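Take a look at the structure set out below.
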Amino acid sequence: MYSVPSKLLQPTRYIDCVGMLVTAIVLVGCTTVPVQEIQHFKDALAAVNTVQQPFLDELAIAERAQGVRVSERRAARPGTTTSGAKACNDDANLTPQWRGEAEVGIANHMCLSDAIYFVPNVDPPATASFRRSLRVIDDFASLVLALAEGQDAGAATAGAIALAREVDALSALANTGLPVIAAPLTALAPALELISRAQSKEEALQRILDNAEKISSLISALRNATPAQFNTLAFGDLNIIASSINPTARDADKRENLLLRQQALQRVERTRAQLAANIVLLDQLQAAWDATVRAARNPNVSVAETVAQVTEVRTTAEAVRRNLAQLQVR
């Protein structure tokens, strides 16, 4: 006869498959929800966000500046190149041109697709895709936690539908803003719709567990977005570093040019350190999610495993915060 594992009887850690007579059920295949582990995973994500959010604010500024440069290249601003600039396709009769001189002038056009880059304090597409993806992961974990803590299937259905709509809209944004994360978002949307059609809390939890790898794929895609983020953040500074010094320039101009290049090098160093930290944190977040899924699939897994993963994330996040503060004042 199958015996109930002792940890399934611990209500402070697991919500078991309720609503069935214990004497009549066969527990094979029954989904258990490690409440503590899910909360610990959310704590790990919160630690990641303490580092990520200020970084994403900087990324938004750099992305807006890059978008403005592309707009200026469309209009052939003196000193710029049209290489890499897509034609403005909002008005077939408009030929973008630069009016005035390089330093005192303006583009004669307004591409609708460029508008987002001219609005302060609004995330442009790539930054918005990354920031909102972190929120999706948190919302997914919150959905699981709500079910585990007793939310009924009807409320869970509404939550899954709302999250599916957000993911569907986000995948469309990511297709243009940050393509590397578009595919996992596209795969996650129908999984959420499937979860929303569950007839019971237990069925919803099982479908969530069956689609746990979708969250893993999204975390991995966020990690793989790092090279694109580096290109955006370091683009201007790398151009400064690569600039040559006119040998006939005055000594004062040479010293100023050298200072500008040294400052650019420091900013690139800080950018590289930040992005390296992001990779480490996302790897640790993935490990915390893996531990949570293992606990859901095997009630004999100790909660200590997830606690250890979360502690590692928090320790790394605090170290990253201190190191970046030191780089900031150098």
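Below is a table of values for the structure above.
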read-out	value
Any chance Arg250 is under 19 Å from Ile215 (Cα atoms), of a type in the set (Lys, Arg) and open to solvent by 60 Å² or more (accessible area, probe 1.4 Å)	no
Lone unmet requirement of (1) closer than 30 Å to Ala174 by Cβ; (2) in contact with a Leu (Cβ under 9 Å, 6 or more places away or on another chain); (3) open to solvent by 50 Å² or more (accessible area, probe 1.4 Å); (4) modelled with pLDDT under 80 for Val320	(3)
Candidate set: segment 265-303, residues that are of a type in the set (D, E, K, R) and over 26 Å from Ala242 (Cα atoms); chosen: the one most open to solvent (accessible area, probe 1.4 Å)	Arg297
Ser129 among the polar types (S, T, N, Q), open to solvent by less than 60 Å² (accessible area, probe 1.4 Å) and in contact (Cβ under 8 Å) with a residue 40 or more places away in the chain	yes
Check on Ala141, in contact with a Phe, Trp or Tyr (Cβ under 7 Å, 6 or more places away or on another chain), under 21 Å from Trp289 (Cβ atoms) and not acidic (Asp, Glu)	yes
Single residue of segment 167-179 satisfying the filter (assigned to a helix (DSSP H, G or I) and in contact (Cβ under 8 Å) with a residue 24 or more places away in the chain) that is farthest from Val136 (Cα to Cα)	Thr176
Residue identified as among the hydroxyl-bearing types (Ser, Thr, Tyr) and over 24 Å from Leu59 (Cβ atoms) among Ser171, Ser133, Ser113, Ser196	Ser196
Segment 180-206 residues that are in contact (Cβ under 8 Å) with a residue 40 or more places away in the chain and open to solvent by 40 Å² or more (accessible area, probe 1.4 Å), paired with ones that are of a type in the set (Val, Ile, Thr) and assigned to a helix (DSSP H, G or I) (beta carbon under 8 Å, 6 or more apart)	Arg197/Thr157
Hits in segment 142-176 - residues which are at pLDDT below 90, open to solvent by less than 60 Å² (accessible area, probe 1.4 Å) and over 24 Å from Phe41 (Cα atoms)	Gly154
Residue match in segment 143-154 (condition: polar (S, T, N, Q) and either closer than 20 Å to Glu213 by Cβ or assigned to a helix (DSSP H, G or I) (or both))	no
Contacts under 9 angstrom Cβ, first residue in segment 262-274 being without any contact (Cβ under 8 Å) to a residue 24 or more places away in the chain, partner of a type in the set (A, V, I, L, M, F, W, C), 6 or more apart	Gln263/Ile240
Matching option when the condition is under 30 Å from Asp283 (Cα atoms), in a helix (DSSP H, G or I), at pLDDT below 90 and touching a helix residue (DSSP H, G or I) at 6+ places or on another chain (Cβ under 8 Å), among Leu185, Leu238	Leu238
Residue count, segment 275-306 (criterion: in a helix (DSSP H, G or I) and either touching a Pro at 6+ places or on another chain (Cβ under 7 Å) or in contact (Cβ under 8 Å) with a residue 60 or more places away in the chain (or both))	19
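The values are calculated or read from the model by the stated rules, or taken from the named source; none is laboratory data. Nothing here was measured: the structure is a model prediction, and the numbers come from that model. Here Cβ is always computed from backbone atoms with ideal geometry, including for glycine, and neighbour counts include all displayed protein chains. Side chains are part of the model used for accessible areas, which takes the heavy atoms of the whole protein and leaves out ligands, DNA and RNA. Shrake-Rupley method; radii C 1.70, N 1.55, O 1.52, S 1.80 Å.
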